[in-house]
1. For region A:1-44, give me the residue count where each residue is closer than 19 Å to B:Q44 by Cβ, surrounded by fewer than 17 Cβ atoms within 10 Å (Cβ to Cβ) and either of a type in the set (S, T, N, Q) or under 14 Å from the mean Cα position of the chain (by Cα) (or both).
2. Please give the number of the condition B:K1 fails out of (1) more than 14 Å from chain A (Cβ to nearest Cβ); (2) surrounded by 12 or more Cβ atoms within 10 Å (Cβ to Cβ); (3) at pLDDT below 95.
3. Identify all residues within region A:56-82 that are of a type in the set (V, I, T) and assigned to a strand (DSSP E or B); write none if there are none.
4. Is it the case that A:Y36 is assigned to a strand (DSSP E or B) and over 16 Å from B:S94 (Cβ atoms)?
5. Touching a residue at least 60 places away in the same chain (Cβ under 8 Å) and either assigned to a loop (DSSP other than H, G, I, E, B) or within 14 Å of chain B (Cβ to nearest Cβ) (or both): does that describe A:P30?
6. If a residue must be under 20 Å from A:V104 (Cα atoms) and either hydrophobic (A, V, I, L, M, F, W, C) or within 13 Å of another protein chain (Cβ to nearest Cβ) (or both), how many such residues does region B:49-65 contain?
7. For region B:16-40, give me the residue count where each residue is facing chain A (nearest Cβ under 9 Å) and surrounded by fewer than 19 Cβ atoms within 10 Å (Cβ to Cβ).
Amino acid sequence: AQSVTQLGSHVSVSEGALVLLRCNYSSSVPPYLFWYVQYPNQGLQLLLKYTTGATLVKGINGFEAEFKKSETSFHLTKPSAHMSDAAEYFCAVSSGGGGSEKLVFGKGTKLTVNP
Amino acid sequence: KAGVTQTPRYLIKTRGQQVTLSCSPISGHRSVSWYQQTPGQGLQFLFEYFSETQRNKGNFPGRFSGRQFSNSRSEMNVSTLELGDSALYLCASSVDRTYNEQFFGPGTRLTVL
């Protein structure tokens, strides 16, 4: 069974500071990993994904994440936070296109950006 | 290209009633998945449909059901509503079952009184 743990349900940063949202996963098969963002009263928007190949993945809005198999981690970073980054972020894992479209999500991390 | 659309956006029902939610995937997408989002349980997978067949199912009671039509549009139905069914129901579509990127709709907010 697959699972995702997001460390920290709430993270607060100052505008211009580094954003680091942590995600650890468990998977018995090579995982596909995703980060989604959710703004209030909206659905989920894909920020970035790792499937195979390069372990450093760049996404939209200046976010990136690095897949570290040895640490079973897929942390999300952004060098400089912007007020518009305030939202809830979800890390998710799937079984890699083996016939299952099921995404398993972490509990989410709510990011606050202070002026 | 239009995104995933869900109707209605908001719904209020009372206990014991049933409800049907609708999802129209992105044009050309054949796989549709449904998720329930609540503050307590987070995002939980309900089921996935592809080519009008349920391919995968989450751990929800039989009161939750769904179907997919030949044009890939999908509906989910919840019968005998309970207070705990109050949630945001999200639909996601993807091209097929080998391409794992899912695109989410804005959701239907169901409130059960």
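The values are calculated or read from the model by the stated rules, or taken from the named source; none is laboratory data. These numbers come from a predicted model, not from an experiment. Please note: Cβ atoms are built from the backbone with ideal geometry, for glycine as well, and neighbour counts cover all protein chains shown.
1. 5
2. Among (1) more than 14 Å from chain A (Cβ to nearest Cβ); (2) surrounded by 12 or more Cβ atoms within 10 Å (Cβ to Cβ); (3) at pLDDT below 95, B:K1 violates only (2).
3. Residues satisfying the conditions are A:V57, A:T77.
4. no
5. Yes: the conditions hold for A:P30.
6. Of the residues in that region, 10 qualify.
7. 0
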